Amino acid sequence: MPKNKDIKKVMVIGSGPIIIGQAAEFDYAGTQACKALKEEGISVVLVNSNPATIMTDENMADRVYIEPLTVEALESIIDSERPDGILPTLGGQTGLNLAMELDEAGVLKRFGVKLLGTSLEAIKKAEDRESFRDLMNEINEPIPRSEIVSTVEDGVAFANEAGYPVIVRPAYTLGGTGGGIARNEEELRNVIHTGIMFSRIGQVLVEQSVAGWKEIEYEVMRDANDTCIIICNMENIDPVGIHTGDSIVVAPSQTLTDNEYHMLRKSALKIIKSLKIEGGCNVQYALNPESEEYIVIEVNPRVSRSSALASKAAGYPIAKIAAKIAIGLHLHEIENSVTKSTKAAFEPVLDYVVVKIPKWPFDKFDYADRKLGTQMKATGEVMAIDRSFESALLKAVISLEGNVVSMRKEYLQRMSDDQLISFLDNVDDERIFVIFEALRRNISIEEIQRKTKIDKWFLKKFENITATEKELMENPLDRELLTKAERFGFSDREIELLTGESHAVIDAIRRAHRIYPVYKMVDTCAGEFESYTPYYYSTYETEDENQISKREKIIVVGSGPIRIGQGIEFDYCSVHAVWAIQKLGYESIIINNNPETVSTDFDTADKLYFEPLFIEDVYNVVRKETPKGVIVQFGGQTSINLASKLMERGVQILGTSVNSIDAAEDRKRFDRLLEELEICRPKGFGIVSIQEAVDAANVIGYPVLVRPSYVIGGRAMQVVYEEEELLKYLNEAAAISLEHPILIDEYIEGIEVEVDAISDGKNVLIPGVMEHIERTGVHSGDSISVYPPQNISDPEKEMILSYTEKISRALNVKGILNIQFVLKNGIPYVIEVNPRASRTVPIISKVTGIPMIDMAVRVILGENLSDLGWGIGIYQEIDFVAVKAPVFSFQKLLNVDSALTPEMKSTGEVLGVDRSYGHALAKAFIASGNKFEKPGKVLFSLNDRDKEEGCRVAEGFISAGCTVLGTSKTAEFLKEKGLKVESVEGKNLDEIKAMLKSKEISVIVNTPTIGKDPLRQGFQIRSYCQSLGTPCFTSLDTATAYLEAWKEVNKVQKLEYKTISDYRSI
Amino acid sequence: MRAYLQLENGMIFEGKAFGKVQDISGEVVFNTGMTGYQELMTDPSYYGQIVVMTYPLIGNYGINLEDFESDGPKIRALIVREKSNSPSNFRCEMDLDSYLKYSGVTGLEGIDTRALTKIIRDRGTMRGLITGRMLTDSELRNRLSEYDNSRAVYEVTTPEAYTVEGNGKHVAVMDFGIKNNIIRSFKEKNCKVTVFPATASWEEVLEADPDGIFLSNGPGDPQDYKDIIENVRVLIEKKPTIGICLGHQLIALALGGNTEKLKFGHRGCNHPVKDLKMDRVFITSQNHGYVVSEVPDCMEITHVSMNDDSVEGLRHVNKPVMSVQFHPEASPGPSDSDYIFESFIEILEEVGQDA
């Protein structure tokens, strides 16, 4: 059937800010959907609160609303846009839940909006535990024994009958929030309690555990005509028990016989047919490794992280096809854009192996609970492709950028055998390295299999790697051994370390025998049909099918996996760079390894290389393509870190020179530069010993800011108020990085200001100055920032511009740069210069309408800034206000303190846009999950430094009609100041928690004394607020802003919602 | 041991021999299935062929005692990127290498199978030789010209007729190289099955008084089997008939249609076929090098390939005769098109009622 002609305008709901469990994959899905709909001539209305995404670009949809994802906002937008249909299955769980809420609230019916694709009925059937269970029983598909409960007691009763362990799964949550495995009654009571809290409908499923079975996933598609196909199946190397988002996954399945593969495939088709899904769907299975018994674990009636992975693994764009199915097209009517000669109704076949490894935030939060279970903790993932499993695995590990180029870890090598064996029981992110070390110690595969339940096939493959390590250590390196090591994916660096040979020797053997990687195409059909996808991976094989064009080429290095401090915004920048390069008539080539993103969509760049962003792999591509140059300033710290290594190999880095990058990043050189330019900066020293640190701090005067040099996202950065604290920090941080000094800086308390500027080395354009709400001491990624600034004078702006110009000229910056200032007494002090694109580029680009990356690319390629039509200096400020607010994932990361510090913790961000500052601020709070309740009780708990100022904040809450509560000392202090305050003295932690749970306390203002200590009461209260979604502010500035927004919201009946271009044209 | 694949166009691939190490020639074809190597090796339709697996890791789950499609391997040789030396599956009885050694089949590993596949795709199916000593061009030509697969059906058919009991309809199966799962499929539908050798005459078959005739899959060029085509012509006059794969091609030839060789065949588990009546696409398992190129006047097309629009299914306009090019019995591959068997049984039942 051709497409439904009644559908002319469609609303697409995005997934909102990046949080653990819902990341960049939905930008990829949403972007594809918008493109697919536009291709069919449909007008697209997009709503998403996440400004860092490609999908919220003005050219992605006809109407782009960067507004909070709430029923109120969507209702208002539906009212003004009157779409014919709504597409909810591409915006993750957020989109799905919202669609259901809109339906329940009668909005869809009232405005005659048709729900496109999978029906709500089907969604409910798949998502509601009970109806899902009924359906499975009806169609005879096996599911684990289970019971749906809404009280702890019912759950315990079931578990007593079924036996422990049991798994608890809350209804309607993503990434398994609030779920977990319980081994005994005590654990069960805890898990059910939190699970019920997290479930939208207060239900959890308690089910029999099949931990240890193989975990297999199928990505299935169906059209309204009942044609069903499998896109890809995947096997989790980690068996059932670890969330699939936290598992190492391989595609296609490796250990399933044809019988087993098709038994599960048949089941998946049966399920998708019975649910009548129109679009994509993911079915997860547990398969008993000792029989052909299986159970259906879960069905996701929407595109998901797994479908993004499957799309990249198989070369089949699931989200795009799902969008076309949603508007009525059938699979056999849709073109296969890879082969261009066949149709979308087929099943891709792979002639390579794909390995995905999650990227966890534990390198950043080394104090977090690293245990992996049914609740997802990874922030992102990497994917690698090769013709052998060993190499795909090693490439994926290298792609993680954990400073690991191999499967060897020093601290494990120092362990005794017994200790190591006991470590095999720890199910955490390091387990794979433990297994490798165990194999090196000749601990038998049987024993490892017994402990880990990982299939022997995988363990044997791991052993192939350790055996090759041994060969490299013991035998002379020759052609055969080098070829073998390369085929297994060993990096040159690792071969050097293991053989003790120099790079020159390896290179000599390589050149003599021509041992170089070739590139093969991902073509969905294993070579059966001629294909045109410019999507390549490297491998050591005979034939190179990489077609090198004669055009002039530019390579963009991507930003790798999404992690805290380096998120989706760098993918935004990379994609825009690619587009700009294409527009200028060059061939654009991207190298990246993140399967979730738009940049790794095969039709984004002219050519995509799916490779680790490791110097050797990147250089191999450069060697092959011989581009005009490589651009590294858009891929965050990942790509910037490659600049000097590429230059050493004779590669032309386009834009700001490597020398200038170094001058900005090297502490000493940078200090000298600012001195020459007569620009103020906080006093600071780089120190290498404890005594030096103490001396330095005394010279500067406390408080001081301490941090290791060369870091992303302010890792381990801290404000230190006294010597004792400094010593404690040094003892802990010294272990983090020995080769780099520790930096100690003057802590200047003032307004933080940030600019992104485009420079051609002579002139500078600052599209906008952003002001942070929280004063210095809170990482810029975690602070709320405002554009245009509300508290910065014109002379201050002039100084900021002049400093930016001076620095850009001195460094001869070509392209983009980011400078962070602190303003105190009218003087801007430079805190940091990043010679690359920053987190705020997408925001400023969208709000001002200035195509920043496009301009940067033009400048990099030689155009003059002044010719580009946007002027120079500070661009004229807009007439509306944009407020960026951070979003955190503390619910998933136990033991991570939610208090704001110089160390970045947020995983994503939202943008609030409105005509007035107050409303923009309010929208930012709402979109980031901070509700505005009716005036209730506000609990204050302040550290000594903040008591004086906190007093004024408390006063504000009282005058807004709130009752202020205080912990004993805080209450005492506030009373002394004459405020009406109730003390919670004498109440224990549980009693306070109860007040929070019952919503008696609706806001908490808590500035921590020490922080990071999970045993302290403040920490526990903060964590509890996170799990309840109760606003909890650890900076007085945030609390003040919240209060201000609250007052503004109360003045109006409803907020108004508009597209950015509407705001701009007001 | 080092070994070579020498193709008739002169191209050479170097790899390592496994299984039974010997010089062997055959027609080189590729299969895109990611699983199912055991079923495929024992599928008689592959008789005389050297099969290249496009998926690089083969043998991961070993060989078990249940998933055979006939009494042993029928392929000439198997070519893989990497064979698994440490298979893992609870049903696994031996590894691929041991199985090939035991059954006298040659293997070749370490080949850039993607490169090889693309050559076959671009230049068409060709003959090849696996050898430990590289042959000169003229030696190779002589050796490859000896290759003859024109009597393949007679090599793989059952030597004698046999019966599998059942309570339902009685199906007479012409065994041109039948896969076990076809018989299993009929058994599942409660049919009684009598299997006849390819050499059986139509008189012998009708003597058993079957309700319907099944013409099986099998190896080779359908036009090589003139006698069989004659037999088929009579059988379809007398009884409801269904043909699969070679059986389908034989029906078309018997009714005045024509067949031709495909450039590189359809071999894999992911072939989309559209059922024209239902207007729906099914993913099918396929294995054929020849195709019906001219449809007989008395037949209409019921199924087409979504990949190349070739004929995938036919039906007689006024007789209970139907045929499909693909394999509804799966093994290896998907069983989405299992309904073909059901339709045939339905036809048998309808005809039975009319009679």
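A few comments on the model shown:
- Any hit, segment B:62-75, residues being closer than 24 Å to A:Gly527 by Cα, within 14 Å of another protein chain (Cβ to nearest Cβ) and out of contact with any Leu (no Cβ under 7 Å at 6 or more places or on another chain): no
- Of all residues making up segment A:304-352, the number that are away from chain B (no Cβ under 14 Å), of a type in the set (Val, Ile, Thr) and assigned to a loop (DSSP other than H, G, I, E, B): 1
- Checking A:Leu498 against (1) in contact with a helix residue (DSSP H, G or I) (Cβ under 6 Å, 6 or more places away or on another chain); (2) buried (at least 23 other Cβ atoms within 10 Å of the Cβ), the condition it does not meet: (2)
- Members of segment A:246-268 found to be in a helix (DSSP H, G or I) and either more than 23 Å from the chain's Cα centre (by Cα) or surrounded by fewer than 24 Cβ atoms within 10 Å (Cβ to Cβ) (or both), listed by number: A:Asp258, A:Asn259, A:Glu260, A:Tyr261, A:His262, A:Met263, A:Leu264, A:Arg265, A:Lys266, A:Ser267, A:Ala268
- Of the residues making up segment B:313-323, one or more are basic (Lys, Arg) and not in a loop (DSSP other than H, G, I, E, B).
- Of the residues in segment A:506-517, at least one is within 14 Å of chain B (Cβ to nearest Cβ) and buried (at least 20 other Cβ atoms within 10 Å of the Cβ).
- Number of positions in segment B:77-107 that are in contact with a helix residue (DSSP H, G or I) (Cβ under 6 Å, 6 or more places away or on another chain) and basic (Lys, Arg): 2
- Flag if B:Ile119 is over 20 Å from B:Cys269 (Cβ atoms) and within 11 Å of chain A (Cβ to nearest Cβ): yes
- Across segment B:226-250, the number of residues qualifying as closer than 25 Å to B:Glu27 by Cα and more than 16 Å from the chain's Cα centre (by Cα) comes to 4.
- Scoring A:Pro534 on the criteria (1) closer than 20 Å to A:Ser337 by Cβ; (2) at pLDDT 95 or above leaves a single failure, condition (2).
- Filter result (surrounded by fewer than 24 Cβ atoms within 10 Å (Cβ to Cβ) and assigned to a strand (DSSP E or B)) within segment A:580-595: A:Glu587
Yes or no, residue by residue, for (1) within 13 Å of chain A (Cβ to nearest Cβ); (2) surrounded by fewer than 24 Cβ atoms within 10 Å (Cβ to Cβ):
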residue: B:Asn318; (1), (2): no, yes
residue: B:Ser323; (1), (2): no, no
residue: B:His327; (1), (2): yes, no
residue: B:Ser331; (1), (2): yes, no
residue: B:Ser335; (1), (2): yes, yes
residue: B:Tyr339; (1), (2): yes, yes
residue: B:Glu342; (1), (2): no, yes
residue: B:Glu346; (1), (2): no, yes
residue: B:Gln353; (1), (2): no, yes
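- Check on A:Leu974, hydrophobic (A, V, I, L, M, F, W, C) and either loosely packed, with under 14 Cβ neighbours inside 10 Å or touching a Leu at 6+ places or on another chain (Cβ under 6 Å) (or both): no
- Residue within segment B:239-261 that is over 25 Å from A:Pro252 (Cβ atoms) and within 14 Å of chain A (Cβ to nearest Cβ) present: no
- Within segment A:827-882, the set of residues being in contact (Cβ under 8 Å) with a residue 12 or more places away in the chain and acidic (Asp, Glu) comprises A:Glu832, A:Asp854, A:Glu863, A:Glu877, A:Asp879.
- All of A:Lys456, A:Lys470 fail the test of being basic (Lys, Arg), surrounded by fewer than 18 Cβ atoms within 10 Å (Cβ to Cβ) and under 22 Å from A:Ser388 (Cα atoms), apart from A:Lys470.
- When each of A:Ser43, A:Ser76 is tested for being under 23 Å from A:Ala924 (Cβ atoms) and surrounded by fewer than 22 Cβ atoms within 10 Å (Cβ to Cβ), the lone residue that passes is A:Ser76.
- Of the residues A:Phe940, A:Phe925, A:Phe932, A:Phe973, the single one that is outside any strand (DSSP E or B) and over 30 Å from A:Ile878 (Cα atoms) is A:Phe973.
- Restricted to segment B:29-124, the set of helices (runs of 4 or more DSSP H) holding at least 3 residues that are of a type in the set (Lys, Arg) and at negative phi comprises B:113-123.
- Selection within segment B:262-308 - over 30 Å from A:Asp223 (Cα atoms) and facing another protein chain (nearest Cβ under 9 Å): B:Phe264
Yes or no, residue by residue, for (1) acidic (Asp, Glu); (2) in a helix (DSSP H, G or I); (3) within 14 Å of chain B (Cβ to nearest Cβ):
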residue: A:Thr542; (1), (2), (3): no, no, yes
residue: A:Ile548; (1), (2), (3): no, no, no
residue: A:Arg551; (1), (2), (3): no, no, no
residue: A:Ile554; (1), (2), (3): no, no, no
residue: A:Gly560; (1), (2), (3): no, no, no
residue: A:Asp571; (1), (2), (3): yes, yes, no
residue: A:Val575; (1), (2), (3): no, yes, no
residue: A:Val578; (1), (2), (3): no, yes, no
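- Counting only strands (runs of 3 or more DSSP E) that sit wholly inside segment A:17-95, those with at least 1 residues that are modelled with pLDDT under 95 and either among the aliphatic types (A, V, I, L, M) or under 30 Å from A:Asp854 (Cα atoms) (or both) are A:85-87.
- Candidates A:Glu235, A:Glu298, filtered to the one that is touching a strand residue (DSSP E or B) at 6+ places or on another chain (Cβ under 8 Å), under 25 Å from B:Thr284 (Cα atoms) and charged (D, E, K, R): A:Glu235
- Each residue in segment A:234-269 was checked for being within 8 Å of another protein chain (Cβ to nearest Cβ), of a type in the set (D, E, K, R) and touching a residue at least 40 places away in the same chain (Cβ under 8 Å), and 1 of them qualify.
- Segment A:200-233 - residue that is touching a Pro at 6+ places or on another chain (Cβ under 9 Å), in a strand (DSSP E or B) and within 24 Å of A:Ala171 (Cα to Cα) and, of those, nearest to the other protein chains (Cβ to nearest Cβ): A:Lys214
- Restricting B:Glu93, B:Glu160, B:Glu139 to those that are surrounded by fewer than 16 Cβ atoms within 10 Å (Cβ to Cβ), more than 14 Å from chain A (Cβ to nearest Cβ) and in contact (Cβ under 8 Å) with a residue 24 or more places away in the chain reduces the list to B:Glu160.
- Single residue of A:Val382, A:Val355, A:Val405 found to be touching a residue at least 60 places away in the same chain (Cβ under 8 Å), assigned to a loop (DSSP other than H, G, I, E, B) and either within 14 Å of chain B (Cβ to nearest Cβ) or touching a helix residue (DSSP H, G or I) at 6+ places or on another chain (Cβ under 9 Å) (or both): A:Val405
- In segment A:107-125, the qualifying residues are those that are outside any loop (DSSP other than H, G, I, E, B) and of a type in the set (A, V, I, L, M, F, W, C), and the one that is surrounded by the fewest Cβ atoms within 10 Å (Cβ to Cβ) is A:Leu120.
The values are calculated or read from the model by the stated rules, or taken from the named source; none is laboratory data. Keep in mind that what you see is a predicted model, and the values were worked out from it rather than measured. Cβ coordinates were reconstructed from backbone atoms using ideal geometry, including for glycine residues, and neighbour counts include every protein chain displayed.
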